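Any read-out appearing in this document is the output of simple, stated calculations on the displayed coordinates, not a laboratory observation. Just so we're clear, the structure is a prediction, and the values are computed from it rather than from any experiment. Every residue, glycine as well, gets a Cβ built from its backbone with ideal geometry; the counts of neighbours run over all protein chains shown.
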Amino acid sequence: MIPTSILEAALEKAVSTGADYAEIFAENTTRGLVQLVNDNVKDALKEHSVGVGVRVFKGLRCAYACSSGLSAESVMSAAAKAAAAIAVSSEEKTIRLIDSTCANISPAARIGSSIPLEDKIVLARRAYRAAREYSSEVSQSTVRLLDYDRNILIATSDGLKVSDRQVRSRILINAVASAGSENQVGYIAPGASKGYEFFDEIDIEAAAADAARQAVTMLHAGYCPAGRMPVAIDNGFGGVIFHEACGHSLEAESVSRGLSEFSGKLGQKVASEKVTAIDDGTIPGAWGTVNIDDEGTPSRRRVLIENGILKSYMVDKLNGRRMGIESTASSRRQDYTFAPTSRMSNTFLAPGTDRDEDIIKSIEYGLYAKKMGGGSVNPVTGEFNFAVNEGYIVRHGQICEPVRGASLIGKGSEVIRNIDMVGMNLRREQGVCGASSGSVPTDVGQPMIRVSEITVGGRK
């Protein structure tokens, strides 16, 4: 991507004003999008992003500069700007890079950019038609077909030179059910670190029908009552609760500054003994999997909480300096225009020993959150608010009528202490997480869990 001689010269320039560490991140990424709205092709795009970022450290000081293009001029310009931001001394250093290789955890057979546009449209139309044919009440469906081919190169003043190719594919299916002026939406978005072979491995029609089922079910649902009650949160995207309410608070960007409710609590009990939480970037083919993180560190599996005990944070190099802890391969960024920081990859609650039917039977009156939606969290306090996209009232241990408009409100450190039942059927779903280093693909997941008591927002 960039000749070694240019990389070495740029790194020498980057450290020439006193930096004790320099890093070059180069990227050449192709993104494809096909979007159908009501069976009409609205977008058929191919985007190309090429550029380089240079970052330097001096102790805990950090500077970052980026430039579009991969020419020698672009690389040297970014290096000079980063060096100028440090400017504490004038030094000459000789840097020699050693090529390193990384194992390919997620090989891809059919790269999205190689698939004819006509074939992509046929695939998207299969999903569209399955959603519309589910019910006459489905008035609209939107399908987005995405593919990514991300090629990166990382070189550092420590002598590391490593490259990686990250291929991803995803389909996002949105269905709208209508009755008069009332509209409800269902949504599903499976994805993987795979090529287009992924779409042969999943049932596109079943996924689209599930999005339509959500919309139709909620169209006929009443409003959820508000109050404190036990809640069963289903597997799959239910894991967004841990991701948002606790995961961000375990990232070193907040922990290192004392801005997390979990700062300084390694080795302490922070959750129910039922809770084991893992962030694993090494799951073959998973949406959030990477061979190396965006600082060039080989990906790994991190046990964050084990049987309620806080075992680890997610740490990048800069925040690791602040904490006196080595990187845990948790550094990620959207693209070369962002400096990296600690982020999640595939984050999930490990399976427990409770049966799903027993979790439901244990609830005299409460809520079954079958499909979770988006939300927000304050990592300093852990306070969160999440929408329930598909919910049901539970009475006397039985799932009863569907309800809409529900939300779950609480504090991360409290909710993980109140998890008193954990099911056995782990499932993960895909999302995109936004933070200071941009938007990155992440998996969330869990088996069904029971939270003994949580505030449910709704209507009195």
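Which peptide among 412-423, 86-97 comes first, and what is the full order, when sorted by highest mean count of other Cβ atoms within 10 Å?
Going from most to least packed, we get 412-423, 86-97.
For the pair A206 and N38, what calculated FRET efficiency results from E = 1/(1 + (r/R0)^6), where r is the Cβ-Cβ distance and R0 = 25 Å, to the nearest 0.05?
Computed FRET efficiency for N38 and A206 comes out at 0.75.
Taking θ as phi - 60°, what are the ³J(HN,Hα) couplings along segment 115-125 by the Karplus curve (6.51, -1.76, 1.60), each to the nearest whole Hz, with x for Gly and Pro?
7, x, 4, 4, 5, 5, 5, 4, 5, 5, 5
Against the longest alpha carbon principal axis of the chain, how many degrees, from 0 to 90 and to the nearest 10, is the axis of helix 4-14 turned?
90 degrees
Could you work out how far apart the two model spin labels at R459 and R61 are, taking each label as a point 7 Å from the Cα in the direction of the beta carbon, and quote it in nm?
Between R459 and R61, the simple spin-label model gives 6.0 nm.
Which order do peptides 335-347, 227-239, 256-268 fall in by mean Cβ count within 10 Å, highest first?
Per-residue mean Cβ counts within 10 Å order the peptides as 335-347, 227-239, 256-268.
When the Karplus curve 6.51 cos²θ - 1.76 cosθ + 1.60 is applied with θ = phi - 60°, which whole-Hz ³J(HN,Hα) does each residue of segment 226-238 get, with x for Gly and Pro?
Computed from phi, the couplings for segment 226-238 are 9, x, 7, 6, x, 9, 9, 10, 6, 6, x, 5, x Hz.
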